[in-house]
C-alpha cells in the first residue's frame, strides 16, 4: 500500500529532489533521526520516499511526521524483497529531477541538498554531484529506546572525482551522492543479484554517462560499527560474499598482481582480533589527524 502527501512548495523553478530511505523492522529510532535530517534541509523542495523492506512497522512514525511536514512524503511497505529491490522500488516512485539515497542510520547536514544540487544544476554535463562525509564509529547500546555512543567523527574520503580510481575503489559513501533521475531511466537501478557493493556498482555504471562533481564541503555522516570485533565480523561477512568480485574488479582496473597479496594480508589481519584491534585504533588515529587538518 502506498501512502503519500502532496507537495506545497514556494519556488517551482527549483528542481525537486527525492531522498530515498531504505529501512526494515526494528530501526525506528535511527529512521526518525534520518528523516528529521531530510526535513531539516535548508533546501525546501524535497520529496521523501521511505521504503520498508519486510514489514510496515514504520507506518505510525511516518504518519506522525507527515502531519507536521509540508514536504511530499511517500511510504512504501513491502514484503521481504531485499535491499536492492527496495531501493529500485524507491527510485521508481521518486518524482524528483534529482535523487539520492540515505541509509536509515546516516544523517544529512542541513546544507547538504542545497550544496550538491547547486553544483549539479550549474554543471549541465555532469550526471551527479557529491560532498564529503564524516565516518562515525558507533556503538549501539539500545534500539528501543535508541541509545548509542559515537567514538569519533573522521573523514575517510575527500577525493576529487576520478573514473580510474572509482574502477578500483568506492570512495563515494552512498548518502553523499545526488544524481539525475534520468540515469535510472537510462541505465536502471541497483543490480538485484547483489547483496553488497550495490552502490559501488551503481556509481560505476552511472559514471559511464558523465562526470560526478566534487563538492569539497562536509555535508553528511555515515555510521560504521564502533568496536574492532563488530567491524571485523562485518567485514568478514562482506568478504565471504564479495571478496572475489572485489579482487576481480580491482585487477581489471589496474592489472596489479599485488592485489591478491594485499587481499591475503587483509584476511590475516581480519581473522586475528588482536592484530585487527591494532589496525582499527591506528586507522582512527590516522583519520583523526587528517580530519584536523
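The values are calculated or read from the model by the stated rules, or taken from the named source; none is laboratory data. Keep in mind that what you see is a predicted model, and the values were worked out from it rather than measured. Reconstructed Cβ throughout: ideal geometry from the backbone, glycine too, with neighbour counts over all protein chains shown.
A residue that is more than 18 Å from the chain's Cα centre (by Cα) and buried (at least 19 other Cβ atoms within 10 Å of the Cβ) occurs somewhere in the stretch 45-57.
Of the helices (runs of 4 or more DSSP H) contained entirely in the stretch 21-93, those carrying at least 3 residues that are closer than 28 Å to residue 194 by Cβ and out of contact with any helix residue (DSSP H, G or I) (no Cβ under 6 Å at 6 or more places or on another chain) fall at 28-39, 83-93.
I need the full set of residues from the stretch 129-156 which are touching a strand residue (DSSP E or B) at 6+ places or on another chain (Cβ under 7 Å) and more than 20 Å from residue 110 (Cβ to Cβ), in order please. Scanning the stretch 129-156 gives 137, 138, 139, 140, 141, 147, 148, 149, 151, 152, 154, 156. Within the stretch 94-103, the residues that satisfy the criterion of being part of a loop (DSSP other than H, G, I, E, B) and either touching a helix residue (DSSP H, G or I) at 6+ places or on another chain (Cβ under 7 Å) or within 13 Å of residue 191 (Cα to Cα) (or both) are 102, 103. When each of 77, 110, 60 is tested for being in contact with a strand residue (DSSP E or B) (Cβ under 6 Å, 6 or more places away or on another chain) and more than 20 Å from residue 206 (Cβ to Cβ), the lone residue that passes is 77. Listed by first and then second residue, the pairs with beta-carbon distance under 6 Å, at least 6 apart or on different chains, first residue in the stretch 56-85 and within 18 Å of residue 26 (Cβ to Cβ) and assigned by TED's automatic domain parsing to the domain that holds residue 45, second part of a loop (DSSP other than H, G, I, E, B) and modelled with pLDDT of 95 or more, are 57/25; 77/56; 80/54. When you scan the stretch 139-155, do you find a residue that is within 18 Å of the chain's Cα centre (by Cα) and either surrounded by fewer than 18 Cβ atoms within 10 Å (Cβ to Cβ) or closer than 21 Å to residue 29 by Cβ (or both), even just one? Yes, the stretch 139-155 contains a residue that is within 18 Å of the chain's Cα centre (by Cα) and either surrounded by fewer than 18 Cβ atoms within 10 Å (Cβ to Cβ) or closer than 21 Å to residue 29 by Cβ (or both). Among the residues making up the stretch 67-76, those that are surrounded by 19 or more Cβ atoms within 10 Å (Cβ to Cβ) and more than 20 Å from the chain's Cα centre (by Cα) are 71, 72.
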